[in-house]
Amino acid sequence: MDREKDESYALTEKKENFSEWFNQIIQVAGLIEHRYPIKGCEVLMPHGTDILRRSTTLLEEMLKENGNKEVVFPLFIPENMLKKETEHIKGFEDEVYYVTHAGKNQLNEKLVLRPTSETAMYPMFSLWIRSHKDLPLKIFQTVSVFRYETKMTKPLVRTREVMFFNESHTCHKDWEDAEKEVKEASLIYSKHISENLAVAFIASKRPKWDTFPGAVHTKAFDIIMPDGKFMQIGTVHNLGNNFSKTFDIKFKDENEEEQYANQTCYGMSTRSLAAIVAIHGDDKGLVLPPKIAPIQITIIPIMFKKDGEKVLNHCKDLYARLKKNYRIHLDASDKAVGSKFYDWEIKGIPLRIEIGPKEMEKNVVTITKRFDGEKSTISEKNLEEFIENMLDNIQHDMRRAAEYRQKEKIQKAIDKEDVNRIIDDKKIAKVELCEDANCAKKLEEAIGENYMGDDKTKENSKCIMCGQQSRYTGYIGKKY
Ligand SMILES: [Zn+2]
């Protein structure tokens, strides 16, 4: 815990070695403790927990607005339920953790720690849904899920316990209604990523071979990390009636005829915290978007022996006044001022207010923005109005900066050599493809990297593989 307070702990430069910088910053900023004695499991520290709690709450509010109700399902899934959906289990069987014993006794049936909750929830859905009047059924939960990752683990990015996993599951009367839900969910995720996290993203339809096990189609939200690799932070799936047939989720329609429900599911996890760190952080530490920051403003009293008490009382009054509208902290600790600046800077708090005898005399405060270091002297009288504008502007500017950097990381490729050159240059290649899914597959095989997926093209162009009229714009690159 004290490592974050060690001022001599110098960060690696982000540009010089992104991966090392990332691993350091998440520790010194007090987000995670990586020394927990199980590989791929880490402790979420107070600042990390606060940020994730805040960002999850914003997402959950939008889901509730969409009609999704919150539930909490058991962590255990009976093995026979997990094995019921053959496609689904194929996608997970090497990654699930089993509980085989209780004390010294072997269990009659092995229990699975949920890798995701379809097979926990859907047997219940089949009990809850009887008539078309029970539809749509829309629920979500925010829980940990467990996957035995065999690839190299990385804190917040690839872990064996995925914390703050927010998963929604919905049932609908027909395919169209499920498709509508997929659109609504995609809109919620787009809004959350760009407006709350202030991060740029690529939304694309995953290729057939990379669709969620058991889904008809998968839409993914990827961000491009500073090292040019893409990282999936959210997915939305239309499950059709694959699962409802397996789990017998049926209802009587208006004509008293029995139908299988159409289902969707969508999820997001701690990777959203990894995205905030990676996209916004700099060589001084984290930079938090105001909407996500658990503390938006820190007040730091500049106290000298003579007027110390007076300044502190003044700061306390200001704290009480601003507390009504903002998430705010008054740092009245005994630490040196320089050390306080350093602490809050590394934690990425958007605004810092300094008040000393000089400011008090003139009824002003000095405000510094974490995002660009800009300092202003503001009259105390108009403070709220000024702060309001400043927080809005920071949120907006951070998003613009992220979009700009994403643009720089995507480059159009006209042939395979071009794709290789772009990926070697630590970027994502944008390509035009025809309707034939084999062309995307062949491209992936020729390049040896991941085809992220595609969206309908807006260009009049030729397929990079076969030269026919292009129909889709796709993306290919290295992935996390
Ligand atoms: Zn083609």
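When the helices (runs of 4 or more DSSP H) confined to region 371-480 are screened for residues that are more than 16 Å from the ligand (Cβ to nearest atom) and closer than 23 Å to V287 by Cα, those reaching at least 1 such residues are found at 383-409.
Output the residues belonging to region 293-303 that are assigned to a loop (DSSP other than H, G, I, E, B) and surrounded by fewer than 24 Cβ atoms within 10 Å (Cβ to Cβ). Passing the criteria: P294, I295, Q296, I302, M303.
Within region 253-306, being among the charged types (D, E, K, R) and touching a helix residue (DSSP H, G or I) at 6+ places or on another chain (Cβ under 7 Å) holds for D253, E254, K284, K291. Within region 344-361, being modelled with pLDDT of 95 or more and either out of contact with any Pro (no Cβ under 8 Å at 6 or more places or on another chain) or within 10 Å of I299 (Cβ to Cβ) (or both) holds for W344, E345, I346, K347, G348, I349, L351, R352, I353, E354, I355. Might you let me know whether region 425-447 holds any residue that is free of Cβ contacts under 8 Å to residues at least 40 places away in the same chain, touching an Asp or Glu at 6+ places or on another chain (Cβ under 8 Å) and within 23 Å of F221 (Cα to Cα)? Scanning region 425-447, I find no residue that is free of Cβ contacts under 8 Å to residues at least 40 places away in the same chain, touching an Asp or Glu at 6+ places or on another chain (Cβ under 8 Å) and within 23 Å of F221 (Cα to Cα), so the answer is no.
Selection of region 330-370 for residues being of a type outside the set (K, R), more than 17 Å from K310 (Cβ to Cβ) and part of a helix (DSSP H, G or I) yields G338, S339, F341, Y342, D343, W344, E345, I346. With a requirement of 3 or more residues that are under 30 Å from I346 (Cβ atoms), the strands (runs of 3 or more DSSP E) lying completely within region 220-280 that satisfy it span 230-240.
Per-residue answers, yes or no, for (1) within 19 Å of G228 (Cβ to Cβ); (2) surrounded by 16 or more Cβ atoms within 10 Å (Cβ to Cβ); (3) among the acidic types (D, E); (4) not assigned by TED's automatic domain parsing to the domain that holds T366:
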| position | (1), (2), (3), (4) |
| --- | --- |
| D418 | yes, no, yes, yes |
| R421 | yes, no, no, yes |
| L433 | no, yes, no, yes |
| D455 | no, no, yes, yes |
| M465 | no, yes, no, yes |
| Q469 | no, no, no, yes |
| Y472 | no, yes, no, yes |
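Considering the conditions (1) over 13 Å from E42 (Cβ atoms); (2) part of a strand (DSSP E or B), D177 is excluded by exactly one of them, (2).
The values are calculated or read from the model by the stated rules, or taken from the named source; none is laboratory data. Just so you know, these numbers come straight off a predicted model, no measurement behind them. A quick note on method: Cβ atoms are made from the backbone with ideal geometry, for glycine too, and the neighbour counts reach across all protein chains shown.
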